[in-house]
Structures are given as structure tokens and as C-alpha cells.
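Engineer: Before I ask anything, let me first share the structure, which is written out below as C-alpha cells.
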Amino acid sequence: MLKLVRLALTAAILTAIAVRLRRRSRTPGDPPAPPARKAVASTRMGLAWAAIAGVVTLALAAALIPTGPQVVSEAQSAVYQAQQSAMTVAMEGRGETPAPVTPAPVMPTPTPVAATPAAPGPAATPSPGIPAACMLSGQVTVRPISPRVRAAVNRQWRRIERWLRAHAPRTYASLGAPGRAGTVALAEAQTGLEFPDDLRASLLRHNGMSGPPAARLGFGGEQVRGVREIRDHWREDCAARAGRGDPIGRALRVGTLTEVDAGTGQVVAPAVGPEPIWPSYHAMLRDVADALEKGRPVLGARPTVEDGLLRWSGTL
């Protein structure tokens with residue numbers, strides 16, 4: 001818009017210069033111009049002022065009316081023609097022969113090009129020793145957790161945290177940071193299994209443990225795992241099953257001793273036996289909290305404290 005207005009002002013200035021030059025070119029000794037010349041000069045001045053009016057009109061139209069590329073280009077061409085007309089009048093006033101006018105080129109309207117869809121990225125490269133069938137890459141979907149289940153799991157964790165903070169602060173410090181729902185959803189997509197609500201709620205409270213294994217929360221040698229550890233161990237189990245020709249399992253190894261059946265939500269300790277020990281992951285957390293608060297055994301082991309660390313006396 002500013003460019004068009006600037007062009008209009010330039011044309012007006014050029015016309016004014018032409019008029020001034022024409023007036024200066026006349027001297028008192030010159031013979032009076034014939035009537036025909038006056039008519040021609042008057043006609044030329046009228047054309048010049050008409051050109052100025054056209055330039056201003058086009059500039060205002062381009063500034064006030066939204067136009068497409070083709071219309072803007074045509075308006076610029078018209079401005080160019082008006083400038084040339086004004087320059088012609090100025091040159092004739094000085095007695096010069098104007099050069100032939102070459103119309104400004106009109107740029108063609110660009111034709112929209114349909115975007116080409118991006119090609120799918122390369123498939124994930126299996127890790128060494130892990131077959132492609134165990135390296136899944138499904139759709140990542142964050143599923144909601146039942147508020148009732150989440151509240152129940154958090155209640156048991158608060159009991160565990162309170163006891164550890166008071167009696168085993170070094171083990172309390174090993175509790176992992178809260179996990180992320182997106183990380184859990186990614187692990188579900190990469191295993192093809194839906195984690196039970198109580199397991200997901202527990203991972204969102206504490207994503208496994210940190211620090212040396214001796215300082216971690218566990219019972220009878222059990223070590224609670226985080227999301228990525230659960231996924232990695234599932235891949236290892238999947239590879240072992242694929243090597244034997246067995247179907248891919250749905251067991252999630254949530255600890256060194258315990259597994260959660262992704263279909264039923266039951267917790268199994270293979271070292272103890274194939275039968276479920278707890279009906280849910282929440283039930284396991286509740287038994288651990290009871291064992292800490294009331295000294296009850298879990299899988300035959302009772303909680304004790306040594307130098308700020310939780311220990312379990314007895315074996316499975």
C-alpha cells in the first residue's frame with residue numbers, strides 16, 4: 001500500500017515539474033502560440049491531470065480494497081502507465097522526444113500446489129537380540145484412570161510414605177519421582193498391553209525406585225520397577241517366548257519377584273508359584289502398608305530397619 005501511494009506522489013511531482021518547465025520555456029519575445037497549440041497543450045495538461053487522478057484512485061483502491069496477486073499486479077501496471085504519461089508530458093514541455101513506452105509486465109497469478117503428504121518414517125530398528133515382533137509401535141493414547149481406583153492407590157502410598165519417613169528415611173528417599181501419563185501410554189503402545197488402572201495410578205505416584213538396590217523399597221528381595229524397566233523386561237520375555245515358539249505373553253514384571261497380568265490385573269510371584277497371590281496391584285500395596293504399620297509378614301518376610309534402611313527378615 002505504501003509503495004502505491006509513493007508512486008502516486010511521484011507521478012504528481014513529475015507532472016508539476018513538467019508544468020513548471022513549460023512555463024519557464026516561454027519568454028516575452030516568443031510569438032504567440034497558435035490556437036491549435038493552445039488546444040494541444042490544454043489537452044496534454046488535461047491528460048496529465050487525468051493520469052494523476054487515475055494514479056490516486058488506483059492507490060486508494062489498492063489500499064482500501066483487499067485484492068489478490070493478479071489484481072495488485074494489474075494496479076501496479078496502471079500506476080506505471082500513469083507515471084509514463086506524466087513523464088511524457090514533462091519531456092514534451094522541454095522539447096524532447098519521449099521514448100516509446102513499454103508496458104510493465106503483469107505477473108501471473110501463482111497457481112496453488114497441493115501439498116504432497118509426507119512419507120511415513122522408517123520402522124523402529126529392533127534392539128540386538130529382540131525380534132521385530134517384540135518391538136511394537138502402536139498408537140499412543142493416554143487413557144483416563146478411575147478416580148476411585150486412583151484415590152485408593154494413593155491412600156496406600158501415603159501410609160507407606162508416612163512409615164518410611166518416620167522409620168526408614170534412607171529408603172523413603174529412594175522412592176521414585178511421579179511418572180508421566182504419556183510415558184505409561186507409550187509403554188502400553190510398545191507392548192500392546194493395557195496396564196491395569198491401579199498399576200498406572202501407582203506409577204504416576206512413584207515411577208519405580210532410585211538409588212542403589214540395597215536402599216530401595218522391597219520385600220523378600222523384591223525391587224519395584226519403573227515404566228521403562230517394565231517395558232524392557234516385557235521385551236526380554238517376549239523375545240524368549242518367540243525363541244521357543246510360544247505366544248506373546250501379557251505378564252508385566254513390575255518387580256524382581258512379582259508380575260501383573262495385564263488381562264486380569266492379578267499379581268503373581270513366579271518364585272512362589274503360578275497361582276495369583278494378590279487379586280490386584282492395589283491389594284499388594286495394602287498388604288505392604290499393613291506389614292509396615294503392624295509388623296505383618298509379606299511372603300514370609302517381616303519388615304525391620306537397619307541404619308535408616310528398610311530390611312525384610314526371613315525368606316520366601
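What follows is calculated from the coordinates using simple rules that are stated; it is not laboratory data. Treat the numbers as computed from the prediction; the structure is a model and nothing was measured. When we count neighbours, we look across all protein chains shown, and the Cβ atoms used for this are built from the backbone with ideal geometry, even at glycine.
Engineer: Give me Rg over Rh for segment 132-313, both radii from the alpha carbons and Rh done the Kirkwood way, two decimal places.
Structural biologist: Working: Rg = 16.2 Å, Rh = 16.7 Å.
Taking Rg over the Kirkwood Rh, I get 0.97.
Engineer: Another one. Can you tell me how much longer the chain between T264 and Q139 gets when fully stretched, taken as 0.36 nm per residue apart minus their C-alpha distance, in nm with one decimal?
Structural biologist: 42.8 nm
Engineer: What FRET efficiency, computed as 1/(1 + (r/R0)^6) with R0 = 35 Å and r the Cβ-Cβ distance, is obtained for I130 and R311, rounded to the nearest 0.05?
Structural biologist: Working: r = 35 Å, r/R0 = 1.01.
That pair, I130 with R311, gives E of 0.50.
Engineer: What percent does the relative contact order of segment 132-313 come to when contacts are Cα pairs within less than 8 Å and at least six residues apart? Walk me through the numbers on the way to the answer.
Structural biologist: Values: 303 pairs, mean separation 42.3, N = 182.
Averaging sequence separation for qualifying contacts and normalising by length gives 23 percent for segment 132-313.
Engineer: If you don't mind, there's one more thing I want to ask. Taking H placed 1.01 Å from N in the peptide plane, check which residues at least 5 places from W278 or on another chain put their amide H under 5 Å from its amide H.
Structural biologist: For W278, the qualifying residues are V267.
Engineer: When Rg is the radius of gyration of the Cα atoms in segment 149-194 and Rh is its Kirkwood radius, what does Rg/Rh come to?
Structural biologist: Numbers: Rg = 14.1 Å, Rh = 12.5 Å.
Computed over Cα atoms, the ratio is 1.13.
Engineer: Listed highest first by mean packing, meaning other Cβ atoms within 10 Å per residue, what order do 178-185, 197-204 come in? Please report the intermediate quantities before stating the final value.
Structural biologist: On the way: 178-185: 16.5, 197-204: 24.5.
Ranking the peptides 178-185, 197-204 by packing returns 197-204, 178-185.
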